[in-house]
Amino acid sequence: MNYFTQALAWIADPENLHGDGGLLARSWEQIWYTLLAVLVASVIAIPLGYLVGHTGRGRGLVVATSGAARALPTLGVVTLVGLIFGIGLFAPMVALVLLAVPSVLAGAYAGVEAIDPRTKDAARSMGMSEWQVLTKVEIPLGLPLLIGGLRSATLQVVATATLAAYVGAGGLGRFLFLGLKTQDYPQMLAAALLVMVIALILEGAYELAERQAAQRLRTH
Amino acid sequence: MIRFEDVSKSYPDGTEAVRGFTLEAPTGCTTVLVGSSGCGKTTLLRMVNRMVDPTSGIVWIDDENVAEVPPVPLRRRIGYVMQNAGLLPHRLVIDNIATVPLLNGVPKAEAHRRASELMELVGLEPRMGKRYPDQLSGGQQQRVGVARGLAADPNILLMDEPFGAVDPLVRADLQAELLRIQRELHKTILFVTHDIAEALALGDQIVILAKGARIAQTGTPQEVVAEPADSFVADFLGLGRGSLDLHLRETPTGTLVLDAHGRPAGRLVGESRTDATA
Ligand SMILES: Nc1ncnc2c1ncn2[C@@H]1O[C@H](COP(=O)(O)OP(=O)(O)OP(=O)(O)O)[C@@H](O)[C@H]1O
Ligand SMILES: [Mg+2]
């Protein structure tokens, strides 16, 4: 048997699948870490992106900083923060949020920036306040690009979330690190396959959301 | 009444769009600003609703200096029909028309009812209300723009080439419609066009502008055509090219009116009426 069929057999084995540290539980952890990281990144990056997009100020600064954040080696961040704050979810979460912020930020401000200036001008000349221009025009019309940003952030994070296991947290990374230590390649491959499946499912969800947004906003 | 008092506007890049402009647009009348592209018409219009703040000078609405009125409430009580319709692409036509009443807190049902009336007024079929702007032709979009400008029942209406994107037939149609609306509603209208025929058709007062919004002549349509102030105005009117020179020719079936090239511009019916405004 080759590694691939062995990996599938490993996944199918009820003993590996169920239970506390089983594949299903770890998959949920993986998804949960991903969503949490993207959520935290959104809370930081979306308001900031809208601020930059709406005012047109601070764009250079934000682009430079998020470019630098993109260049940070995630494993290094995990290790560093782990050394300071100890093992557990905190360190990988910091690294994952740092990973997600640039894409979300770019999606938020690009979405606002890409709107036809005549549309914003029209909204203003109808007597919308700046807040109303933002909430009634810029946010809805910027939604497709924001979803695009969330999408690429999510995909980066879902794969990288395996690093959580490196400092003692859960997720599918557990099987990767365990497999690496015991040279159990089918187990490693099984975990990698599941990460891919989760990524594809999330992709599908985003695809639907993007289509919905485009249809509702007639920006297609 | 709208009054421009020695108003100038220089844009940050140094363009002097308007220089020392003074004009009064009387209440209940249509004042048409006509001039070639880039002479500062849009800039003048947008000073009234503070989309542009003058570099110097004062714009008055009745006895209010607009610079002292906060822009948001000011804009909500001035109808503005934009040069490019300027509709919100993510909103249904009916919601576009109802924008300002909704901002003013009018209940949605009432705002929509009013929007439907306005659609009828500007000649849009009711079913178009449920479309998005990009599902309308350019001319239909402009009608939506006009309806939106009227929605909050403003006393002042700023119209920036509102009929620019339509063919001559529809254009004439919309002009007639505007004249009819104006006979009913008596708004104070500031209307911008670069089409002299449109200016003559719609204006109670016509203001012919040269570059930098220099006033070449102000007057009623009759005055302007009968006594152009200078050669610039005469040229602009097309008098030099003879495009406003008409002749009569008797034919067995009636009197034809011919243009400078001898082509029929229309036919003579009855006596010419004495002019009410003269
Ligand atoms: N935001 C701006 N920044 C710099 N220059 C501007 C700006 N807006 C207008 N201008 C310039 O000011 C002048 C007057 O512009 P304006 O839009 O008022 O002309 P207009 O008479 O409406 O022309 P058109 O008939 O083509 O619409 C032009 O030379 C134009 O290039
Ligand atoms: Mg203009």
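The values are calculated or read from the model by the stated rules, or taken from the named source; none is laboratory data. A quick note: this is a predicted structure, and the numbers were derived from the prediction, not measured. Neighbour counts are summed over all protein chains in view; Cβ atoms, including those assigned to glycine, are modelled from backbone coordinates with ideal geometry.
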Seminar exercise, completed: Checked the range B:31-47 for anything more than 10 Å from ligand 2 (Cβ to nearest atom) and either crowded, with 23+ Cβ neighbours inside 10 Å or of a type outside the set (Val, Ile, Thr) (or both); matches are B:Val32, B:Val34, B:Ser36, B:Met47
Exercise. Can you name the number of the only condition in (1) touching a helix residue (DSSP H, G or I) at 6+ places or on another chain (Cβ under 6 Å); (2) of a type outside the set (A, V, I, L, M, F, W, C); (3) within 16 Å of ligand 2 (Cβ to nearest atom); (4) not in a strand (DSSP E or B) that B:Tyr80 fails?
Worked result: (4)
For this session: Kindly indicate the residue of the range B:98-112 that is among the aliphatic types (A, V, I, L, M) and within 9 Å of chain A (Cβ to nearest Cβ) and also nearest to B:Pro133 (Cα to Cα) among those meeting that condition.
Result: B:Val100
Exercise. Residue check, B:Pro154 against (1) in a helix (DSSP H, G or I); (2) within 17 Å of the chain's Cα centre (by Cα); (3) within 13 Å of another protein chain (Cβ to nearest Cβ), all met but one. Which one?
Worked result: (1)
Problem set entry | Some residue of the range B:107-118 being closer than 21 Å to A:Ser125 by Cβ, in contact (Cβ under 8 Å) with a residue 60 or more places away in the chain and hydrophobic (A, V, I, L, M, F, W, C) | no
Exercise. What are the residue pairs meeting all of these: first residue in the range B:257-270, first residue of a type in the set (A, V, I, L, M), second residue part of a loop (DSSP other than H, G, I, E, B), Cβ atoms under 7 Å, and 6 or more apart or on different chains?
Worked result: B:Val257/B:Leu246; B:Leu258/B:Leu246; B:Ala260/B:Gly242; B:Ala260/B:Ser243; B:Ala260/B:Asp245; B:Ala265/B:Leu246; B:Ala265/B:Asp259
Exercise. Which of the residues that make up the range B:154-170 are more than 16 Å from ligand 1 (Cβ to nearest atom) and not hydrophobic (A, V, I, L, M, F, W, C)?
Worked result: B:Pro154, B:Asn155, B:Asp167, B:Pro168
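Yes or no, residue by residue, for (1) of a type outside the set (D, E, K, R); (2) more than 26 Å from A:Phe85 (Cα to Cα); (3) surrounded by fewer than 15 Cβ atoms within 10 Å (Cβ to Cβ):
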position: A:Thr162; (1), (2), (3): yes, no, no
position: A:Ala169; (1), (2), (3): yes, no, no
position: A:Tyr185; (1), (2), (3): yes, yes, yes
position: A:Leu193; (1), (2), (3): yes, yes, no
position: A:Glu203; (1), (2), (3): no, yes, yes
position: A:Glu207; (1), (2), (3): no, yes, yes
position: A:Leu217; (1), (2), (3): yes, yes, no
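Matching residues to (1) part of a helix (DSSP H, G or I); (2) not hydrophobic (A, V, I, L, M, F, W, C):
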{"position": "A:Leu98", "(1), (2)": "yes, no"}
{"position": "A:Ser103", "(1), (2)": "yes, yes"}
{"position": "A:Ala108", "(1), (2)": "yes, no"}
{"position": "A:Ile115", "(1), (2)": "no, no"}
{"position": "A:Val133", "(1), (2)": "yes, no"}
{"position": "A:Pro140", "(1), (2)": "yes, yes"}
For this session: Assess whether A:Val137 counts as being within 30 Å of B:Pro70 (Cα to Cα) and either of a type outside the set (Gly, Ala, Ser) or surrounded by 15 or more Cβ atoms within 10 Å (Cβ to Cβ) (or both).
Result: yes
For this session: Considering only residues that are among the hydroxyl-bearing types (Ser, Thr, Tyr) and over 14 Å from the mean Cα position of the chain (by Cα), look in the range B:23-42 and name the one that is nearest to ligand 1 (Cβ to nearest atom).
Result: B:Ser37
For this session: Report, by residue number, each residue of the range B:184-238 that is assigned to a loop (DSSP other than H, G, I, E, B), away from ligand 1 (no atom under 14 Å from the Cβ) and under 18 Å from the mean Cα position of the chain (by Cα).
Result: B:His186, B:Lys187, B:Gly203, B:Asp204, B:Thr220
Exercise. Among the listed residues B:Leu87, B:Leu45, B:Leu74, which satisfies the condition of being away from ligand 1 (no atom under 15 Å from the Cβ), within 14 Å of chain A (Cβ to nearest Cβ) and closer than 24 Å to B:Gly139 by Cβ?
Worked result: B:Leu87
Problem set entry | Filter result for the condition that a residue is at the interface with chain A (Cβ under 9 Å from one of its Cβ atoms) and either part of a helix (DSSP H, G or I) or farther than 19 Å from B:Leu178 by Cβ (or both), over B:Asp95, B:Asp134 | B:Asp134
For this session: Scan the range B:56-70 for residues that are surrounded by 15 or more Cβ atoms within 10 Å (Cβ to Cβ) and either not assigned by TED's automatic domain parsing to the domain that holds B:Val7 or not hydrophobic (A, V, I, L, M, F, W, C) (or both) and jot them down.
Result: B:Gly57
Exercise. For residues in the range A:130-139 being touching a helix residue (DSSP H, G or I) at 6+ places or on another chain (Cβ under 6 Å) and over 24 Å from B:Met159 (Cβ atoms), which is farthest from the other protein chains (Cβ to nearest Cβ)?
Worked result: A:Leu134
Exercise. Do we find that B:Val72 is more than 23 Å from B:Gly219 (Cα to Cα), outside any strand (DSSP E or B), modelled with pLDDT of 95 or more and within 16 Å of ligand 2 (Cβ to nearest atom) in this structure?
Worked result: no
